[in-house]
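> Have a look at this one before I ask anything.
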Amino acid sequence: MSAAKRYLTLNSRDLRLELEELYAAYTACLDEERFEEWPEFFVEHCLYKIVPRENFERGLPLATWLCESKGYLADRVTAIRKTAVYAPRYVRRMVSGVRVLGWNDGMLEVRANYVALETLQDELTRVFNTGQYRDKLVVEDGRLKFKEKLCIFDSLLVPNSLIYPL
Amino acid sequence: MGTRHVWPREGVSRIPYWIYSDPEIYAREQERIFCGPSWNYVALEAELPRPGDFKRTFIGEKPVVVVRDEEDSINVVENRCAHRGVQFCQKHLGSVAEFMCPYHQWTYDLKGNLIGVPFRRGVKKQGGMPADFDLKNHGLRRLGVARRHGVIFASFASDLEPLEEYFGPSMLALFDRVFDGRELRVLGYSRQLTPANWKLMFENIKDPYHASLLHVFLVSFGLFRADQPSKVQMDATGRHGALISWRGDQKKTEDHADMKSLIDNFKLQDSTLLEPVREFPEYTVVMTTLWPNLIIQQQSNTLAMRQLVTRGPAAFELAWTYFGYADDDEDMTRRRLRQANLMGPAGFVSIDDSEVMKFSQSGVGPYPERAGVMEMGGRDWKDEQHMVTESVIRAFYAYYRRVMEL
């Protein structure tokens, strides 16, 4: 049985376990700042966007962060590593309420809540960003990868700068 | 102002650090600058296309509402009920037939006139307002409004010069370059809270000296270099300024040895981010700072209003409104949205600025008795044909000192 077919025939409990693994691996990659591995969670022709909820709800197209390909994701990583100037920080991401909407056009639609906590030197840890992931996943190389990942954030007033991915 | 508020004798080539943190100075800025004789940016007309459409915003730290009425006039009123001061409007944007304060349901029309007071005549002949209570005397306080080519400004002052005179000829020409009368289309919003004094934001956009040094991204991808053809312009008062640059032929030169951050052979994997098309005559980038709360960004094809909202001496909100034109084709809109990656809270370029402004505040805040040096390009201020200058910042402070009597 092909990998894609295997996913399609998984019962919902097993699918949830797969997704739990995926989101745990995704957040661990980012929390541990292994940014170079981050694009590998996506397929080549992907869409990654961080969007203020007010834009999303009004149908306004502007994203705070827009990547339209895996190469774009890698460029963001290069900026984080080589060009951007910023204060040291830790960001930790929590994902919960993972919900499977179903398969559509060969893509698995998933929604989840996320919270990103930010810790800066000399400051108490704060809720930096919170919102909803609206994800579309496909099977590639025998595993689930993001074809589309939208981070629609409630915390409209961004505490200064958004440097690491969510 | 006490003796501790004495500007250094060198003049505007020194910036005393107490201006960034002192609560008395901040209070005086609110009174004399934001509530004084200045045209403050409040909205784009495209945000309120129909009668009843409103936008909630701020001038300095004072909440106001911008609303279009049935006669297509734009009114700006204090977001403060005339009764007990409730900030009655709580949504960023919306549409109403009238404004009603939720506390006691005082109701106002779209011009801010008070049109209804519940129990005005009392209940069962008990209570009620005094017989001589006149609705006409209790409307929302209205601000002066000026509009030009789809952009709305407001002022707490009553006898202010027309907007065109306020800008002056050189700034007006730059304004009209982007706002040429074409209908605008809002592409979206971005908001960030920067823990720094509001003037540091203006300094940043009036300072072309930093751009080729701090912004490794710009330099690495050839978007901006210190030897690029460029100029700085100001109005006659010094309060407004513009940094202007355009593409030229540059080779790697010895001057670049000074830029420690230059990364060679650095290529984007996806170059669609940086495929601008020539859209405006002559210049590639024009960053205009209009006293006292607006930055107009034209960075290649990405256009935005950056509105400064003060949040105490040590913080400001930067409200970004990205826009294009109603007649943009899909490719142009896509270009604007892609290039928006350079700017905003997650911008390849502007991350550096917001972080550095925070570093500035954490340096100047605890040392109010010290002063900064502002001597790049001289000690006075005038238009220049290069970007190795802090002239525009000195001009800003020359005007600031006059208004603040410092």
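Computed from the coordinates by the stated procedures, all read-outs in this text should not be read as laboratory data. All values derive from a computational prediction rather than experimental measurement. No Cβ is skipped: glycine too gets one built from the backbone with ideal geometry, and neighbour counts run over all protein chains shown.
> Using the crude model of +1 on Lys and Arg Cβ and -1 on Asp and Glu Cβ, and no other charge, please compute the dipole size for segment A:3-153 relative to its Cα centre, in debye to 20. Show your work: numbers first, answer last.
Working: 24 positive and 24 negative charges, 64 e Å.
For this selection, approximately 300 debye.
> State to the nearest 20 debye the size of the charge dipole of segment B:201-240 about its Cα centre, where the only charges are +1 on K and R beta carbons and -1 on D and E beta carbons.
Working: 4 positive and 4 negative charges, 12 e Å.
Result for segment B:201-240 is approximately 60 debye, rounded to the nearest 20.
> Lys and Arg at +1, Asp and Glu at -1: add these up for the other residues within a Cβ distance under 12 Å of B:GLU71 and post the number.
Working: positive: B:ARG68, B:LYS111; negative: B:ASP69, B:GLU70, B:ASP72, B:ASP109.
Once positives and negatives cancel, what remains is -2.
> Relative to the longest principal axis of the C-alpha atoms of chain B, give the angle of the C-alpha long axis of helix B:330-339, reported between 0 and 90° and rounded to the nearest 10°.
Taking Cα atoms only, the helix is inclined about 70 degrees.
> Let me ask you something else. Find how much the distance from B:GLU31 to B:PHE359 grows on full extension, using 0.36 nm per residue of separation minus their present alpha carbon separation; answer in nm with one decimal. Walk me through the numbers on the way to the answer.
Details: separation 328, 0.36 × 328 = 118.08 nm, distance 2.75 nm.
Gain on stretching B:GLU31 to B:PHE359: 115.3 nm.
> OK, next. Can you find, among B:HIS104, B:ASN197, A:MET107, the residue farthest towards the positive end of the dipole of the protein assembly as shown? Put +1 on the C-beta of Lys and Arg, -1 on that of Asp and Glu.
Value computed over the given set: B:HIS104.
> Let me ask something additional. Note the per residue figure in Å³ for the convex hull of the C-alpha positions in segment B:311-400. Spell out each step's value before the answer.
Numbers: hull volume 15.6 nm³, N = 90.
Each residue corresponds to 173 Å³ of Cα convex hull volume.
> Counting pairwise Cα distances across segment B:1-58, what percent come out greater than 19 angstrom? Could you put the intermediate results ahead of the total?
Numbers: 906 of 1653 pairs.
So the pairs more than 19 Å apart make up 55 percent of the total in segment B:1-58.
> For q = 0.09, 0.21 Å⁻¹, what log10 I(q)/I(0) does chain A give under the Debye formula with an equal point scatterer on each alpha carbon and no solvent?
Values, matching the q order: -0.30, -1.60.
> If you don't mind, another one. From the phi of every residue in segment A:134-149, what ³J(HN,Hα) in whole Hz does the Karplus formula 6.51 cos²θ - 1.76 cosθ + 1.60 yield, where θ is phi - 60° and glycine or proline is x?
Along segment A:134-149, the couplings run 10, 10, 10, 10, 10, 9, 9, 6, x, 9, 6, 10, 7, 8, 8, 9 Hz.
> Compare A:ALA116, A:ALA87, A:ALA74 in a GNM of chain A, Cα atoms joined below 10 Å, and give the one with the largest fluctuation.
Top of the fluctuation ranking is A:ALA87.
> Can you pick out the pairs among B:LYS55/B:LYS231; A:LYS149/B:LYS62; A:LYS5/A:LYS82; B:LYS91/B:LYS136; A:LYS5/A:LYS70; A:LYS147/B:LYS55 whose Cα atoms lie more than 29 Å from each other?
Numbers: B:LYS55/B:LYS231 35 Å; A:LYS149/B:LYS62 38 Å; A:LYS5/A:LYS82 41 Å; B:LYS91/B:LYS136 26 Å; A:LYS5/A:LYS70 25 Å; A:LYS147/B:LYS55 36 Å.
Violating the 29 Å limit, Cα to Cα: B:LYS55/B:LYS231; A:LYS149/B:LYS62; A:LYS5/A:LYS82; A:LYS147/B:LYS55.
> From the backbone phi of segment A:69-78, what are the Karplus-calculated ³J(HN,Hα) couplings (6.51 cos²θ - 1.76 cosθ + 1.60, θ = phi - 60°) in whole Hz, Gly and Pro given as x?
The phi angles translate into 6, 4, x, 4, 4, 5, 5, 4, 5, 4 Hz.
> About its Cα centre, what dipole magnitude does the protein assembly as shown give when the only charges are +1 on Lys and Arg Cβ and -1 on Asp and Glu Cβ, stated in debye to the nearest 20? Intermediate values should be presented prior to the final figure.
On the way: 75 positive and 79 negative charges, 310 e Å.
Dipole magnitude for the protein assembly as shown comes out near 1480 debye.
> When N counts the residues of segment A:55-136, how does its alpha-carbon radius of gyration compare numerically with 2.2 N^0.38 Å, as a ratio?
Working: Rg = 15.9 Å, N = 82, 2.2 N^0.38 = 11.7 Å.
Computed over Cα atoms of segment A:55-136, the ratio equals 1.35.
> Enter the angle in degrees (range 0 to 90, nearest 10) between the Cα long axis of helix B:391-404 and the first principal axis of the Cα atoms of chain B, meaning the one along which they spread out most.
It works out to around 30 degrees.
> Still on this structure, I have one more. Starting at the first residue of segment B:292-297, write each ³J(HN,Hα) from the Karplus equation 6.51 cos²θ - 1.76 cosθ + 1.60 with θ = phi - 60°, in whole Hz, x for Gly and Pro.
Couplings: x, 9, 10, 10, 9, 9 Hz.
> Rounded, prolate or oblate, given the Cα gyration tensor of segment B:40-147, with a/c below 1.5 counting as rounded?
Values: a/c = 2.27, a/b = 2.07, b/c = 1.10.
Cα axes put segment B:40-147 in the prolate bin.
> Among A:LEU157, A:GLY97, A:LEU124, whose Cα sits farthest toward the positive end of the charge dipole of chain A (+1 at Cβ of Lys/Arg, -1 at Cβ of Asp/Glu, about the Cα centre)?
A:GLY97
> If packing is taken as the mean number of other Cβ atoms within 10 Å per residue, what is the order of A:148-159, B:329-340, B:136-147, highest first?
On the way: A:148-159: 19.2, B:329-340: 17.7, B:136-147: 15.7.
Listed from highest to lowest mean packing, they are A:148-159, B:329-340, B:136-147.
> Short version: what are the Cα gyration tensor semi-axes of the protein assembly as shown, square root of 5 times each eigenvalue, largest first, in whole Å?
Sorted largest first and rounded, they come to 40, 34, 22 Å.
> Taking only Cα atoms, what is the 0 to 90° angle, nearest 10, from helix A:12-31's long axis to the longest principal axis of chain A?
Once rounded, one gets 30 degrees.
> Can I ask one more? Test of understanding: express the Cα radius of gyration of segment B:133-192 as a ratio to 2.2 N^0.38 Å, with N the residue count.
Details: Rg = 16.1 Å, N = 60, 2.2 N^0.38 = 10.4 Å.
Taking the Cα Rg and dividing by 2.2 N^0.38 Å, one obtains 1.54.
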